[in-house]
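Worksheet: one structure, shown below.
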Amino acid sequence: MNLALLLGAMTLMCWMVGGAVAVLGTAEHSRHHRHEMAEFISLGLNLLGVACAIAMAGVVLAA
């Protein structure tokens, strides 16, 4: 069960940081390459959050 809590915390953290990167990456004065990098990082963190959520569900269902 501790693993499920850890995966849940990682899911929440990935989604929060991904959202923060998305918001900060869309600043008016950001350059085009920074905006693309922010989109890429945000997408990666959101996909990692989804993977952690699926792993957490698998751990909970297996227990």
Taking region 27-50 on its own, how many of its residues are surrounded by 14 or more Cβ atoms within 10 Å (Cβ to Cβ) and under 14 Å from Leu12 (Cα atoms)?
5
Give me the pairs: first residue in region 12-27 and free of Cβ contacts under 8 Å to residues at least 24 places away in the same chain and at negative phi, second residue assigned to a helix (DSSP H, G or I) and among the polar types (S, T, N, Q), beta-carbon distance under 6 Å, and six or more apart or on different chains, which are they?
Ala22/Ser42
Every residue in region 1-50 that is touching a Phe, Trp or Tyr at 6+ places or on another chain (Cβ under 9 Å) and farther than 23 Å from Ala63 by Cα, please.
Leu45, Asn46
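Which ones in region 28-42 are free of Cβ contacts under 8 Å to residues at least 12 places away in the same chain and part of a helix (DSSP H, G or I)?
Restricting attention to region 28-42, the residues satisfying the condition of being free of Cβ contacts under 8 Å to residues at least 12 places away in the same chain are 28-36, 40.
Within region 28-42, His32, His33, Arg34, His35, Glu36, Phe40 qualify.
Every number in this text was worked out from the coordinates using simple rules, so none of it is lab data. Computed from a predicted structure; not experimentally measured. Cβ sites come from the backbone with ideal geometry, for glycine too, and all protein chains shown count toward neighbours.
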